[in-house]
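To start, the structure itself, in structure tokens.
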Amino acid sequence: MEKFADEALIEVFSGSGGNGCVAFRREKYVPKGGPAGGDGGRGGDVVFTLRRNLRTLSHLRYKQSFKAENGRDGEGSGRYGRNGADVLIPLPPGSVLKDAETGEILRDFGKDGGDFVFLKGGNGGWGNIRFKSAVNQAPRQALPGQRGKQARLRVELRIIADIGLVGFPNAGKSSLLDRFTNARPKIAPYPFTTKIPNLGILRVDDRDIILADIPGLIEGASQGLGLGFRFLKHISRTSALLFLIDLSADNYLEAFPVLYDELGTFSPELTSKPRLILGTKLDLEGTAERLDRLSARCPDEMVKGISVFSGAGLDDLAGELLRLADAGMKAPS
């Protein structure tokens, strides 16, 4: 299984321009031919390109240095050097480019799509054919190509999804994602089974809804406890939130306020996202009554209940998630 990677340090180099050439025509019966040195080719650019089939930055863990091709030198007979090839660096949606030293954001691929030419290659140098004039018929001057540029960058990935699944460890997020989508997250009856964000696509009424299973939070996560705020940042790139509450847990009534406070402490914007509270494990004894108590405890919230094991409430939930995704799209960013 590919290891999830959400950060990478890379070095990038644009290509240097090729040197101009000093050459002269050497043709039979033309003993004093004029200048014929061509220009050097332009160096390749460093280009970041968005690839929607990518989900992690793991490809940047194996290759951390990217260099565009240098331009070729000019040649005699007026031949120009070939331009250097660009280096294309693919990134998944939600990637953010930062200066490795200052932390300055250079490009946010969650807001700005399309290709991004980060470093231009150096221009090619002029050949001596460029320096011919009425007073200098045989110039022996040419220019070197411009040097390429280099930079050290930090690339961060912030997941983009329609709905983020939020809850304590073992609340049933991975089970729901497995049941609803084509994702196959790791599922086991112990805390912190999910250590990486998992994405899945739920198909509802010919619409695709991207769900993100965020690793389980604990009280104090906004201060770095448990898996900490490393994964809280992924929640910030979802349009809406689905709070999963384990109805079989002793703290089921306190779970939502604690989760809500942790998100608000990390970023107040998270608490303004459209949301739905979902009670899970409705197949267990006594959980139906607990769902009623949870609804009464949260009178201003939309509360639903499901059982992934028995399938109870799943059809109704699919429709609710479609409405939640639509509300997230309309909400101000």
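Scan region 285-298 for residues that are under 39 Å from the mean Cα position of the chain (by Cα) and among the hydrophobic types (A, V, I, L, M, F, W, C) and report the count.
Qualifying residue count for the region: 3.
Which of the residues belonging to region 138-192 are touching a His at 6+ places or on another chain (Cβ under 8 Å) and modelled with pLDDT of 85 or more?
Passing the criteria: only GLY164.
Residues are listed down the side, and each one gets a yes or a no for (1) within 22 Å of ARG152 (Cα to Cα); (2) touching a Leu at 6+ places or on another chain (Cβ under 8 Å):
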{"site": "PRO35", "(1), (2)": "no, no"}
{"site": "GLY38", "(1), (2)": "no, no"}
{"site": "ASP45", "(1), (2)": "yes, yes"}
{"site": "ASN53", "(1), (2)": "no, no"}
{"site": "SER58", "(1), (2)": "yes, no"}
{"site": "SER65", "(1), (2)": "yes, no"}
{"site": "ARG82", "(1), (2)": "no, no"}
{"site": "ALA85", "(1), (2)": "yes, no"}
{"site": "GLY110", "(1), (2)": "yes, no"}
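Could you check how many residues of region 298-324 are part of a helix (DSSP H, G or I) and either touching a Lys or Arg at 6+ places or on another chain (Cβ under 8 Å) or free of Cβ contacts under 8 Å to residues at least 60 places away in the same chain (or both)?
8
Condition check ((1) without any contact (Cβ under 8 Å) to a residue 60 or more places away in the chain; (2) more than 12 Å from THR49 (Cβ to Cβ); (3) in contact with a helix residue (DSSP H, G or I) (Cβ under 7 Å, 6 or more places away or on another chain)) across all residues:
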position	(1), (2), (3)
ASN70	no, yes, no
ARG79	yes, yes, no
LEU88	yes, no, no
GLY103	yes, yes, no
PHE116	no, no, no
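Can you name the residue in region 1-15 that is modelled with pLDDT of 95 or more and of a type in the set (Gly, Ala, Ser) and is also farthest from the chain's Cα centre (by Cα) among such residues?
GLY15
The values are calculated or read from the model by the stated rules, or taken from the named source; none is laboratory data. From a predicted model like this one, the values you see are computed outputs, not experimental measurements. Quick reminder, even Gly has a Cβ in these numbers, built from the backbone with ideal geometry, and neighbours come from all protein chains shown.
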